[in-house]
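The values are calculated or read from the model by the stated rules, or taken from the named source; none is laboratory data. Note that the structure is predicted; figures quoted are calculated from it, not measured. Neighbour counts run over all protein chains shown; Cβ positions are idealised from the backbone, glycine included. Note: accessible area is taken over every heavy atom of the protein model, side chains too, but ligands, DNA and RNA are not part of it. Shrake-Rupley method; radii C 1.70, N 1.55, O 1.52, S 1.80 Å.
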Amino acid sequence: MANICPITNVADLVSEARRVYRETFHGDDANVAVCAPGRVNLIGEHTDYNEGFVLPMALPMVTVIVGSKTSGQKCCVVTLTEAADEPRMVDFDLPNELTPLLRGQPNWANYVKGVVQHYRARPIPGFRAVIASSVPLGGGLSSSASLEVAVYTFLQQLCPDDGDQVAKAVACQQAEHTHAAVPCGIMDQFVSVLGKEGHALLIDCRSLEATAVPLADPGLVILITNSNVRHSLTGSEYPTRRKQCEEAAAVLNKKSLREATLQDLEAAKDRLEGVTYRRARHVIEEIERTAQAAEALKRGDYKEFGRLMVESHNSLRDNYEVSCPELDELVAAALEVDGVFGSRMTGGGFGGCTVTLLQAHATERAVKHIQEKYHGSPTFFITTPSAGAHALSLWF
Ligand code: ADP
Ligand code: MG
């Protein structure tokens, strides 16, 4: 269908990475291959770091790593993806107790180093690796978590850990905190590790328990629209939102906003600044909305699910103030199309993507309409809920 981006399949990513591996490392072949998916969040935005619910699914877009262990203490990693004009190859020594792996240049390699540093088993052997990815970078589909989880899964092949999946997600989250300086919640890494084909994942970010919710209806399409804009606010506003939520929780005398009700919030309204009140209001309502949306999905009530998606978007725009004109325009255009159940911004905000739930037969019409109405140049992906990270066979 016109204008819809094809998604490179995993086998093609692996063979390209293997070819570059052979070329770079003098004809040696890689003997390990792994992949880890990006994700799209269907609902539950900015709730993970408030210990609330999120409802993401793993994407068919993945980060692949091929490689082999070596006998020394050196790691050499190549990425095939253009990342901000940085060099595509990096060398570093394995960390030890006296010399941890620190942040450095190129920037993209910090995601790799962070995971090596936080990996949960030792001794990690030296290795060579090539990274190939079909997740758009910086588009809000979590290329960063897919890279971290791919690196972790790769290390599991070289030096097995205890196989604890939740601890794996937490280690990858730690890597993003310490080595990318992004104080992210657990959602992205969690769903990249534990995503399940044909299912969305309702994650309780307080207990770190997840419920798989079936989402494999041939009559339904999950359309992602990349606005292809990313405003520079992204980096600075995220920590500010986190702080505002912590402030609100402190005023309400709660450990996190997960513990607070709307009644608590209203009772404390006089003691909260207007902005802080609105931030907390979004989070408290969004946590409830996400629980309701998961119930609607279980019933196959897409209409209700779509209504909640739109409420979520409006709250992110008006109360949390993380949307932008481009995302608002994409959502408004999608909602004008017959057969669309709902649409909302997805990810941190200030650019990136929207996610739209619609009847399959309306897809072409929706893409055409959004393209006509949007003032920028959007990219479309039709996605299906996919599996979490896993090792791949090299026998093809
Ligand atoms: P998102 O996670 O939404 O895609 P982020 O800004 O959190 O956006 O992460 C994007 C960054 O992750 C890139 O700028 C780059 O540094 C790194 N990255 C992700 N995937 C790759 C890859 N395949 N190769 C190199 N770097 C990558
Ligand atoms: Mg990211």
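Table for the structure above
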| item | result |
| --- | --- |
| Only one of A180, A169 that is within 16 Å of ligand 2 (Cβ to nearest atom) and either touching a Gly at 6+ places or on another chain (Cβ under 7 Å) or more than 23 Å from A33 (Cβ to Cβ) (or both) | A180 |
| Residue tally, condition closer than 23 Å to G235 by Cα and either of a type in the set (S, T, N, Q) or away from ligand 1 (no atom under 13 Å from the Cβ) (or both), over the range 135-162 | 4 |
| Selection count, the range 95-131, where residues are within 27 Å of H26 (Cβ to Cβ), open to solvent by 50 Å² or more (accessible area, probe 1.4 Å) and in contact with a strand residue (DSSP E or B) (Cβ under 9 Å, 6 or more places away or on another chain) | 2 |
| Count - residues of the range 133-156 that are more than 17 Å from the chain's Cα centre (by Cα) and hydrophobic (A, V, I, L, M, F, W, C) | 2 |
| Every residue from the range 183-194 that is in a helix (DSSP H, G or I) and either more than 23 Å from S133 (Cα to Cα) or within 16 Å of ligand 1 (Cβ to nearest atom) (or both) | M187, D188, Q189, F190, V191, S192, V193 |
| So A389, is it out of contact with any helix residue (DSSP H, G or I) (no Cβ under 6 Å at 6 or more places or on another chain) and over 21 Å from E45 (Cβ atoms) | no |
| For A132: the one exception among (1) more than 16 Å from ligand 2 (Cβ to nearest atom); (2) more than 27 Å from C5 (Cα to Cα) | (2) |
| In the range 61-88, residue farthest from A132 (Cα to Cα) [restricted to those that are within 16 Å of ligand 2 (Cβ to nearest atom) and part of a strand (DSSP E or B)] | M61 |
| For P160: the one exception among (1) in a helix (DSSP H, G or I); (2) open to solvent by 30 Å² or more (accessible area, probe 1.4 Å) | (1) |
| Residue check, E295 of a type in the set (D, E), touching a residue at least 24 places away in the same chain (Cβ under 8 Å) and not assigned by the TED database to the domain that holds N50 | no |
| Any hit, the range 343-350, residues being without any contact (Cβ under 8 Å) to a residue 60 or more places away in the chain and farther than 27 Å from I186 by Cα | no |
| Qualifying residue in the range 139-146 (condition: within 16 Å of ligand 2 (Cβ to nearest atom), within 19 Å of V20 (Cβ to Cβ), at pLDDT 95 or above and aliphatic (A, V, I, L, M)) | no |
| Some residue of the range 62-74 being under 13 Å from the mean Cα position of the chain (by Cα) and not acidic (D, E) | yes |
| Extreme residue, most open to solvent (accessible area, probe 1.4 Å), among residues of the range 195-251 that are among the hydroxyl-bearing types (S, T, Y) and part of a loop (DSSP other than H, G, I, E, B) | S232 |
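Matching residues to (1) open to solvent by 50 Å² or more (accessible area, probe 1.4 Å); (2) at positive phi; (3) in contact (Cβ under 8 Å) with a residue 12 or more places away in the chain; (4) not β-branched (V, I, T):
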site: E285; (1), (2), (3), (4): no, no, yes, yes
site: R289; (1), (2), (3), (4): no, no, yes, yes
site: R299; (1), (2), (3), (4): yes, no, no, yes
site: F305; (1), (2), (3), (4): no, no, yes, yes
site: D318; (1), (2), (3), (4): yes, no, yes, yes
site: V322; (1), (2), (3), (4): no, no, yes, no
site: P325; (1), (2), (3), (4): yes, no, no, yes
